[in-house]
Amino acid sequence: MTGENRITVQGLTKTFSLQSPRTDLFSEAKKFLVGRYPLVPLKALEDISFSVAAGQAVALTGHNGSGKSTLLRLLAGILKPGAGAVRINGKTAPLLGFGAAMQDLLSVEENIRVFAALNAVAAGPQYIEHILAETGLAGFRHANARELSSGMRVRIPFMTALHSGAEVFLIDEMLSAGDADFRAAAIARLAELKKAGAAIIFATHDPGQAAGLVDRLITLEHGRISYDGPPAAAPKA
Amino acid sequence: MTRTYSNTLLVLARAEWKMRQQSTFLGFLWTLLNPALLFLVLYTLFIKWIGKLQPDYAVFLIAGIIEWNYFSSATTYALSTLLRRRSLVANYPVAPELPVLACVLTSAFSHYLELASLFAVLTLFAGGPHLNWLLLVPLELSLLALICGVSFFVSVLYVFFLDIERIYAILMSAAFFLTPVFYPLSTIGAGRRWLPELNPLTHAIEALRAMAIPGYSFTPGGLAFLAAAGLAAAAAGTIFIRKTSARVAERL
């Protein structure tokens with residue numbers, strides 16, 4: 001299913017005020033109240049426009065600090081743009097940061113419940129069993145999350161999001177996590193979702209890791225789009 | 001409140017409760033030990049003095065401590081919530097008040113267990129239940145709203161000013177003495193009584209005492225004041241935390 005746009009971004013600009021080290025209460029209060037920061041504002045993104053159609057997978061590349069994570073957070077609605085607009089058509093599943101929001105003191109099952117709730121899914125017994133099977137963590141069901149390796153930890157938010165019924169997936173670097181088997185399973189699941197009409201945009205330093213999945217490459221440089229097109233035609237970094 | 005919102009809130013609150021209890025050996029017992037120790041100290045110190053002025057001083061004191069401890073511990077714990085849950089706030093588009101609400105709900109749950117213990121003891125040894133125990137519903141809802149409002153403010157401010165933790169601790173120490181937790185309002189001169197009466201917590205404590213101590217004088221206007229303060233705090237706090245959510249996410 002292709003055609004309708006799942007993600008539409010127009011003239012997106014985001015400027016951060018670089019923070020000086022915390023000083024004292026009065027300086028901090030002044031900054032908070034009047035919004036004046038002593039350092040030069042950092043333009044993280046400038047005049048970004050693109051759209052992603054249903055059934056399209058986009059790899060977002062660029063050097064560290066080029067604005068990839070900021071763009072994904074703006075698309076997820078976590079940050080607000082300084083200018084421009086984001087329109088998302090469909091339920092969104094953000095996967096931003098390795099094991100973000102994973103609670104070390106909770107069991108694997110309880111963490112699945114938390115991530116299901118964050119993805120607006122009512123986690124019944126069948127759903128829990130399904131995610132345990134998909135993540136390969138059935139044997140760790142009652143183990144505390146802190147006992148898992150980093151590769152195992154990332155499977156829980158990843159698979160919970162991929163089985164959330166979302167139509168828009170925003171993924172930040174997480175495809176580079178986990179072992180080869182897990183990555184293959186995750187990419188296979190993403191390919192299924194894409195075929196069903198989902199839009200996928202993922203930030204990566206290595207678009208080749210999901211070569212069969214990616215239709216399009218967007219490269220950011222200093223907060224601007226420097227390339228937007230098929231991966232094969234992209235200039236070599 | 002949508003179903004998704006309430007489901008997320010309940011799941012986060014349950015997770016918060018489990019983490020809170022599992023991170024210490026004594027778990028839930030800690031929440032009972034703190035007010036129990038405070039009661040023991042204050043009762044030993046003041047029974048001979050204030051006990052003469054106030055009949056049923058033990059119940060009087062317990063009611064004061066339970067309500068005070070709820071407000072104090074809930075808001076103090078909520079203060080650091082956004083920083084403690086930064087990975088959640090910075091990576092998921094959750095309503096910014098949700099982690100704070102979840103945190104407050106765990107404190108509320110502990111508080112309700114304390115209240116249940118109090119009323120169970122009252123039923124066994126002092127007769128009951130009484131019709132005025134129904135006042136517990138508007139009282140606790142108003143207090144919960146007040147705690148949520150204050151928690152929203154302090155949790156956001158703490159993201160920007162770490163000093164808030166120290167300032168809040170000092171303010172709470174002062175507020176403890178400005179709230180009639182261990183003394184009756186009548187011990188304060190009429191000219192200065194307006195000070196504790198402006199404190200919504202005073203009315204929460206007095207309302208609970210009216211339910212727990214037969215014949216305890218209580219004006220319904222106090223409960224109305226608490227309800228108005230609770231609603232105002234919750235509304236202002238919600239607007240504040242939502243207006244600042246993007247700046248909080250940036251800062252985190």
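Results, tabulated for the structure shown:
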{"item": "Distant-in-sequence amide H partners of A:Ile171 (H built 1.01 Å from N, under 5 Å)", "result": "A:Leu95, A:Ile201, A:Phe202, A:Ala203"}
{"item": "Built amide H within the under 5 Å cut-off of A:Lys91, gap 5+", "result": "A:Glu167, A:Val168"}
{"item": "Amide H partners (placed H, <5 Å) of A:Leu79, local residues excluded", "result": "A:Leu74"}
{"item": "Only Lys, Arg (+1) and Asp, Glu (-1) charged, at Cβ; the stretch B:72-180 dipole about Cα centre in debye", "result": "220 debye"}
{"item": "Normalised contact order of chain B, rounded percent, pairs of Cα under 8 Å and 6 or more residues apart", "result": "29 percent"}
{"item": "Residue-wise HN-Hα coupling along the stretch B:96-113, computed from phi with Karplus coefficients 6.51, -1.76, 1.60 (Hz; x: Gly, Pro)", "result": "x, 7, 4, x, 5, 4, 4, 5, 5, 4, 5, 5, 4, 4, 4, 4, 5, 5"}
{"item": "DSSP-defined beta bridges in chain A - what % are antiparallel, rounded to 5", "result": "50 percent"}
{"item": "Dmax and Rg, reported as Rg then Dmax, of chain B (C-alpha, Å)", "result": "18.7, 58"}
{"item": "Rg/Rh ratio calculated on Cα atoms of the stretch B:93-183 (Kirkwood radius)", "result": "1.06"}
{"item": "Cut-off 11 Å between beta-carbons: net charge of the residues surrounding A:Val154, Lys and Arg +1, Asp and Glu -1", "result": "+1"}
{"item": "Unit charges at the beta carbon, dipole of the protein assembly as shown: most positive-side option, B:Pro129, B:Pro55, B:Ile241", "result": "B:Ile241"}
{"item": "Cα-based helix-to-principal-axis angle, B:200-212 vs chain B, degrees rounded to 10", "result": "50 degrees"}
{"item": "Choice from B:Leu171, B:Leu144, B:Leu185 showing the highest fluctuation, given a GNM over chain B with Cα pairs closer than 10 Å", "result": "B:Leu171"}
{"item": "The protein assembly as shown, dipole about Cα centre (Lys/Arg Cβ +1, Asp/Glu Cβ -1), debye to the nearest 20", "result": "700 debye"}
{"item": "Relative contact order, percent, the stretch A:139-204 [alpha-carbon distance under 8 Å, six or more residues apart]", "result": "39 percent"}
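The numbers here are math on the coordinates, done by the rules we state, and not lab data. Being a predicted model, the structure only gives us computed values, none of them experimental. Cβ atoms come from the backbone with ideal geometry, glycine included; neighbour counts cover every protein chain shown.
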